[in-house]
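The values are calculated or read from the model by the stated rules, or taken from the named source; none is laboratory data. If you're wondering where the values come from, they're calculated on a predicted model, not measured in any experiment. Note that each Cβ is placed from the backbone with ideal geometry, even for glycine, and that neighbours are counted across all protein chains shown.
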Amino acid sequence: MLVMGRVVLCVATLLALSGSVAAAPNGPAGTYTGMYECGHGPIALSLSITPVPDGSLTALFHFSGLASNPQVPEGCFAMRGNYDPGSGAVLLYAGTWLLRPHNFVSVDLRGQLAGDSLIGMVVHPGCGSFSLRADRHPPPLPSACSGE
């Protein structure tokens, strides 16, 4: 029992020293769905991330209403950023609008990848956090957002 306790203590110490939770082994590539908080209330978010050969990332930020906040219109914009595999940090910066509803602004994201989750903060005054999970079957995109 004493040996098992030391093993648990060693593992806990190593995790604490690493300073982060385990990032996804293949990085953040894929589509994540969930929600974020901003001035219009809670908003559904689908974030599709693609790695670029130069080591950076491109992404598509697609938002829409939730059952609890159905008046939010659909919209999307491109993003560009980077990923640090050592820490799991993901930084994404707003780019070109593809479908822009009236009275909406694009936002940046600062997040942390841990397993199949991507959580963090929406970098814009009046906004809060976002929470996403990898989604192998995300909802379809409107044609303006999918490039069709």
Query raised in the report: Out of the residues in region 100-148 that are modelled with pLDDT of 95 or more, assigned to a strand (DSSP E or B) and small (G, A, S), which is surrounded by the most Cβ atoms within 10 Å (Cβ to Cβ)?
Result: G111
Requested in this report: Would you tally the residues in region 45-80 being among the small types (G, A, S), surrounded by fewer than 21 Cβ atoms within 10 Å (Cβ to Cβ) and within 12 Å of the chain's Cα centre (by Cα)?
Outcome: 0
Requested in this report: For L98, state whether it is within 9 Å of the chain's Cα centre (by Cα) and of a type in the set (A, V, I, L, M).
Outcome: no
Query raised in the report: Which of the residues spanning region 118-148 are free of Cβ contacts under 8 Å to residues at least 60 places away in the same chain and touching a strand residue (DSSP E or B) at 6+ places or on another chain (Cβ under 7 Å)?
Result: I119, G120, M121, V123
Query raised in the report: Among G81, G95, G111, G75, which is in contact with a Lys or Arg (Cβ under 7 Å, 6 or more places away or on another chain) and within 24 Å of P53 (Cβ to Cβ)?
Result: G95
Query raised in the report: In this structure, does A44 turn out to be of a type in the set (A, V, I, L, M) and either at pLDDT 95 or above or out of contact with any strand residue (DSSP E or B) (no Cβ under 7 Å at 6 or more places or on another chain) (or both)?
Result: yes
**Report entry** First in region 44-72 and on the phi > 0 side of the Ramachandran plot, second anywhere and polar (S, T, N, Q), Cβ under 8 Å, 6 or more apart
**Finding:** G55/N82
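Yes/no matrix, rows are residues, columns are (1) of a type in the set (S, T, Y); (2) closer than 20 Å to D116 by Cα; (3) assigned to a loop (DSSP other than H, G, I, E, B); (4) at pLDDT 95 or above:
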site: G5; (1), (2), (3), (4): no, no, no, no
site: C10; (1), (2), (3), (4): no, no, no, no
site: A23; (1), (2), (3), (4): no, yes, yes, no
site: Y32; (1), (2), (3), (4): yes, yes, no, yes
site: F77; (1), (2), (3), (4): no, no, no, yes
